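Working notes, beginning with the structure itself.
The values are calculated or read from the model by the stated rules, or taken from the named source; none is laboratory data. Remember, predicted model here, so these are calculated numbers, not experimental data. FYI the Cβ positions are ideal-geometry reconstructions off the backbone, even for glycines, and counts take in every protein chain you see. The area values use the complete protein model at the heavy-atom level, side chains included, leaving out ligands, DNA and RNA. Shrake-Rupley method; radii C 1.70, N 1.55, O 1.52, S 1.80 Å.
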Amino acid sequence: DPRFEAGRTLIQQGMANEGAIEIFSTLVEECIAKHGESSIETSPAFFEYGNSLLRASLAASIPAEEEEEEEEEVASETAEAAKNAAGAAAEARQKAAQEEEEQDQKPAASISETPTVAENSQDASEDVDNKEGGEEQEADDLQLSLEMMENAYSILDEYQTEQEEAGNENADRPYLDWTREQLPRMLLGIGDCLAALQRHADAADAYSRALEWRQTQLDQIAKSKGESLEHLQSQRRVCEATVLIAEELLACPEDEDVVTTETQSLIVKADERVEYARGYYDKARDSLQDTVFLLGKLASKNMDLGTEKEDVCFLATMIMGVGETLAAFDEQEAEKQALEPAKKKAKTVD
């Protein structure tokens, strides 16, 4: 369907809110009417509808974050200005006292058109209401996005399980290879949505399941196609899933065990969380080295690599960010350990 391709193009160009949501919403309704809600033909429409909602929400959240940073900067500048003005306050009061008698002799000033306190308060209240309404809408969109993606995943997962159980009894399996390619992609989308919903343990779990698929695909492609663009892409995707797990583990609350929401499965205990994430970070760095090495070999053959160079550079930036987060944790831990002898010494003196 050309509409499906058009919607995918809009998402890839970062324009999900420019018609992609409407396209896939319509396609979902049409696919359900034609094929049924649990049909494998409906699964792509479910996923792309959820994907468009997610990407639009993430794009909308970026200006909001920038606005918050600007507000913090303005507040800081205002505080500095107030501090500087404090020294001149006494002089201003003295000057005002000297001019008070002169003001009594002057004509009354015209009524100012500056908004009143009440008007300013009303505008501020409306801004807060609009902001809260926008946040509620974003949360609703993310929840709907997650529902659509999970619907798509469950359809393909059930199909894949049925086909594998059938084995050689069912020789006609036209969708099985495609399903195996799509399952890890859907898990990554679900993980992205869970991360946006601040469900970091669940996101780490989704990324972990995606990593299993990605690693299996890499092993198969490395054997069947050797040094190729497909091999490079598969290697990069393994690295990407690995670093995403580390990111989400580090985003979990510090003093709580990392536990999934629905199944209450323990991923890692609270006191082991950082080191567990560090293990994935180390694996991601090693995987990145392999990816860069393969990229160089393919580039030396003048092979068309498409956007792989840019994708690998972005991946390197992600890994660097995780490394900086771990360094910050290490610094905090070092400060805590440095304080321990001082506390013990103080108790001894007492």
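Within the range 199-230, how many residues are more than 28 Å from LEU249 (Cβ to Cβ) and surrounded by 19 or more Cβ atoms within 10 Å (Cβ to Cβ)?
So the count comes out to 0.
For a quick check of your reading of the model, give me the residue pairs whose first member lies in the range 315-341 and is free of Cβ contacts under 8 Å to residues at least 40 places away in the same chain and under 22 Å from CYS239 (Cβ atoms), whose second is open to solvent by less than 80 Å² (accessible area, probe 1.4 Å) and part of a helix (DSSP H, G or I), with beta-carbon atoms closer than 6 Å and at least 6 apart or on different chains.
none
Identify, please: which residue in the range 1-36 is assigned to a loop (DSSP other than H, G, I, E, B) and without any contact (Cβ under 8 Å) to a residue 40 or more places away in the chain and is, among those, farthest from ARG55 (Cα to Cα)?
Taking the range 1-36 and keeping what is assigned to a loop (DSSP other than H, G, I, E, B), we get 1, 13-15, 19, 36.
Those still in the list that are without any contact (Cβ under 8 Å) to a residue 40 or more places away in the chain too: 1, 13, 15, 19, 36.
Working: ASP1: 21, GLN13: 10, MET15: 8, GLY19: 12, GLY36: 26 Å.
Among residues in the range 1-36 that are assigned to a loop (DSSP other than H, G, I, E, B) and without any contact (Cβ under 8 Å) to a residue 40 or more places away in the chain, the one farthest from ARG55 (Cα to Cα) is GLY36.
Given the criteria open to solvent by 30 Å² or more (accessible area, probe 1.4 Å), in contact with a Leu (Cβ under 7 Å, 6 or more places away or on another chain), part of a helix (DSSP H, G or I) and under 25 Å from LEU58 (Cα atoms), does ARG185 qualify?
No: the conditions fail for ARG185.
Condition test on SER287, is it exposed (fewer than 11 other Cβ atoms within 10 Å of the Cβ) and among the small types (Gly, Ala, Ser)?
No, not satisfied.
Identify all residues within the range 245-267 that are without any contact (Cβ under 8 Å) to a residue 60 or more places away in the chain, at negative phi and not acidic (Asp, Glu); write none if there are none.
Hits for the range 245-267 are ILE245, LEU249, ALA251, CYS252, PRO253, VAL258, VAL259, THR260, THR263, LEU266.
Among the listed residues VAL259, VAL243, VAL238, which satisfies the condition of being at pLDDT 95 or above and surrounded by fewer than 20 Cβ atoms within 10 Å (Cβ to Cβ)?
Selected residue: VAL259, the only one of VAL259, VAL243, VAL238 that is at pLDDT 95 or above and surrounded by fewer than 20 Cβ atoms within 10 Å (Cβ to Cβ).
Quick one: how many residues across the range 243-264 are more than 15 Å from the chain's Cα centre (by Cα) and closer than 24 Å to GLY323 by Cβ?
Initially, the range 243-264 is screened for residues more than 15 Å from the chain's Cα centre (by Cα), giving 253-264.
With closer than 24 Å to GLY323 by Cβ added as a condition, the list becomes 253-256, 258.
The number of residues fulfilling the criteria is 5.
Within the range 37-48, which residues are open to solvent by 20 Å² or more (accessible area, probe 1.4 Å) and either in a helix (DSSP H, G or I) or within 13 Å of MET148 (Cβ to Cβ) (or both)?
Listed by number, the residues that qualify are GLU37, PRO44.
Scan the range 265-281 residue by residue and report those that are open to solvent by 60 Å² or more (accessible area, probe 1.4 Å) and at pLDDT 95 or above. Can you show your working first?
First, pick out the residues of the range 265-281 that are open to solvent by 60 Å² or more (accessible area, probe 1.4 Å): 266, 269, 271-272, 275-276.
Scanning the range 265-281 gives LEU266, LYS269, GLU272, GLU275, TYR276.
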